[in-house]
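What follows is a short report on a single structure.
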Amino acid sequence: MLRLSSPITEAPRVGPAKARLLKKLQITYIRDLLYTFPRRYDDFSHVTPIQSLELGRQMTVKARIKSVKSHWGFQGRRRVLRIFVELEDETGVLQVTWYNLRFLEKQLQGGREIYVAGTVEQYKGKDQTIAFAMRSPALEFTDSGSERLHTAAITPIYPETSGVTSRFIRYQVKRLLPLIQSIPEYLPEDIIKRNKLMGIHEAIQTVHFPEDQDTLAAAQRRLRFDELFFLQLAALVRRQHLQKADAPSLGISDKKLQQVVKTLPFTLTGAQQEALQEIRQDLEHPHPMNRLLQGDVGAGKSAVALLAAHIALSAGYKVLYLAPTEILARQQALSFTEGLPAYAVHLLVGSLRKTQKQSIKSLLVEPGPVCVVGTHALLQEDVVGRGIGLVIVDEQHRFGVGQRQALTHVQEEQEPHLLSMTATPIPRTLNLTVYGDLDVSVLDELPPGRKPIKTKIITPTARDEAILHVLEELHNGHQAYVIAPLVEQSDRLELKSAKQAYEEMQRLFPGIAVGLMHGQLASEEKESVMKNFAVGAIQLLVSTSVVEVGVNVPNATAMIIEGAERFGLAQLHQFRGRIGRGAQQSYCYLFPTTDTAAKSKRLRVLEQTNDGFKIAEEDLQLRGPGEVYGVSQSGFGDLKVASLLDYETIKLARTEAQSILKSDPELETYLILRKKVEQKNLQTHFE
């Protein structure tokens, strides 16, 4: 007896080979199939007479078979069967062609009535007469006695893969749809009534086989609400759990904090001061802080993180700092060593010798304050600690929920406070959903004296002028970057590699010290290159994306980005943020590979604004949140109908989730909701 939990191999016409293909679409069980929702619809619901067809439109025709001809031909070296059919109704004739469907020849008998649905084209006969035509349209026979699935209806188009067509999925879903009756209605009745939502059974059936556009919209609204509601509920339960957990209370006097602030080589901006106070108040509470510090490139997140680390260390606790790259980890370790002279700061990265790693790990279980800055090496299972008061995660969207949780569970006693940071400004929709369990501090103010970076798209024929200007900047005593998308030349991609660019810059700029940086260099070489660039011994640094975040050289005033169209908008903005960190005017030149690429909307956005929030919103529209913020690796990649840009539904779902948890924090009267939340969260957060 088929159930929703039955393997997909128990469905009709699904053997082991077909099951392997369906697995590529994440369909392993019957439930997965019914929850594979259409990615779009072809509206074939209106049947049109042949004479009223319109070129270029997708339309449905009901007509009789007038004649059938077939012949074998060649398409390149491949032998192809073409079936030519003339269809007629009372108004005209339609020419239809199908390819390689041998079984169809026997079924296409003269006088038989059929539906065809497809894109209307033009056909020119040998006698120069012009008629309407369709190539490989969907087909159904009127005398089959079955309900229309592929024509004469709003037809669902599903995600497909080689060997699995939308036609096949439609057939399977239609047969298996009655099984959805076993799904309980999990939303409380008052939420359904208050928000005028469709019932779950009707919604799933309608989203697969809608009768009209209005009921389809209502079904999609219900499913969108569901997905966002459970995201909200799961986030709020995680937040609720944190508010109950124990954490060390890390206090510091105003006098002590101001003494440290005065040692900084700059004055804190108003936004930095406000963020620092928010973090300070959180650290004083005996429950774990879970705060996201977001700010544009160059807004000074590292300075705030340094002061937060000082608060924890001065209270006698340890600090862990997780960085996404070894270059950034090394730079932050150096910065913290200089900024926290009273405390030991150690670097833990994968390239260290085993004995060095063990020595640093042992410090985490010994008493006393210590700061360890590291990369993924901090996430190893053998990293355990005692007295860890604060965990800082830099560029936190690069780490999944599981990785961040692993870092905060390195000790069995109290949970440490967590400060996450990102230089990718996050729109309000994502603050409510993906990061709904975090408090947010925003650095929306750049340090005084900074000038907006001038950005210009340079077509391939206009490169010389930009290169001459970069040379001028170098001769004036400044430094510059050249960013390339590849380390070495590729046979497949016509892009300039970092090694090619390095050789080219050495030729173009004789007498200028040129350095090369990429991920394949040994750790010692990377460190040497970055040190030399930081002190000015290297004037022009040619690099791949390894310098995307964290590199801070205030004397760098110019940047060339080769193959600029190959990078995402947020990534380009991060690159650009490596310059403009001093008081001098800075310039960013985007070098696309072709004139066509130079017209890219993404590049034009970067040329027009330095505002990271505007850029983040635009990037979100162009690429979607999954790519921009790594939400798929954070456990939020399972949205099938909803969008993380749908602010109104997100807000509504959050309000309803808050209301339920206020009346029943443990969801004791909502056992189905509780089970779903436990599945959504990586661990149970209920008593």
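The values are calculated or read from the model by the stated rules, or taken from the named source; none is laboratory data. What you are looking at is a predicted structure, and each value in this text was computed from that prediction instead of being measured. Quick reminder, even Gly has a Cβ in these numbers, built from the backbone with ideal geometry, and neighbours come from all protein chains shown. The accessibility values were calculated without ligands, DNA or RNA, using every heavy atom of the protein model including side chains. Shrake-Rupley method; radii C 1.70, N 1.55, O 1.52, S 1.80 Å.
General remarks:
- Between helix 498-508 and the chain: long-axis angle, C-alpha atoms, 0 to 90°, nearest 10: 60 degrees
- Leading residue at positive end of dipole, the range 30-118 (Cβ point charges), from His71, Tyr41, Thr97: His71
- Reachable aspartates and glutamates from Lys69, criterion Cα separation under 14 angstrom, eight or more residues apart if same chain: Glu86, Glu105
- For the chain, the dipole from Cβ point charges (+1 on Lys and Arg, -1 on Asp and Glu) about the Cα centre works out to 1680 debye, to the nearest 20.
- Average projection, convex hull of the Cα set of the range 63-110: 3.4 square nanometres.
- In this entry, the chain is assigned a mean projected area of 37.8 nm², taken as a quarter of its C-alpha convex hull surface.
- Between amide H atoms placed 1.01 Å from N, distances below 5 Å from Ala133 occur with Gln95, Glu121, Gln122, Tyr123, all of them 5 or more places distant or on a separate chain.
- When Rg and the Kirkwood radius Rh are both evaluated on Cα atoms of the range 440-524, their ratio Rg/Rh stands at 1.04.
- Debye-sum result for the range 221-291 in log10 I(q)/I(0), which assumes one identical scatterer on each alpha carbon, at q = 0.15, 0.22, 0.25 Å⁻¹: -0.69, -0.97, -1.09
- Cα-based convex hull, the range 1-57, per residue volume (Å³, whole number): 154 Å³
- Expressed as a fraction of 2.2 N^0.38 Å, the value expected for a compact globular protein of N residues, the C-alpha radius of gyration of the range 158-218 is 1.34.
- The range 78-123 - accessible surface per residue (Å², probe 1.4 Å): 53 Å²
- Volume per residue for the range 218-262 equals 117 cubic angstrom (convex hull of Cα atoms).
- Principal axis dimensions, the range 141-284 - Cα atoms, whole angstrom, descending: 88, 37, 27
- Exposure check, 1.4 Å probe, all protein chains in place: His71 carries approximately 90 Å² of accessible surface.
- Considering only Phe230, Ile191, Leu216, the residue lying farthest towards the positive end of the dipole of the range 181-256 is Phe230, judged by Cα position with unit charges set on Cβ.
- Pairs beyond 18 Å (Cα-Cα), from Lys196/Lys651; Lys244/Lys651; Lys62/Lys124; Lys354/Lys531: Lys244/Lys651; Lys62/Lys124; Lys354/Lys531
- Taking one quarter of the surface of the C-alpha convex hull of the range 1-128 gives a mean projected area of 11.7 nm².
- Only helical runs count toward this figure. For the chain, summing -39,500 (n - 2.57) over DSSP H runs of n ≥ 4 and dividing by all residues gives -11000 deg cm²/dmol at 222 nm.
- Cα-Cα over 20 Å, subset of Lys454/Lys614; Lys66/Lys126; Lys18/Lys174; Lys454/Lys496; Lys456/Lys614: Lys454/Lys496
- Contact order normalised by residue count of the chain, Cα under 8 Å, 6+ apart, percent: 12 percent
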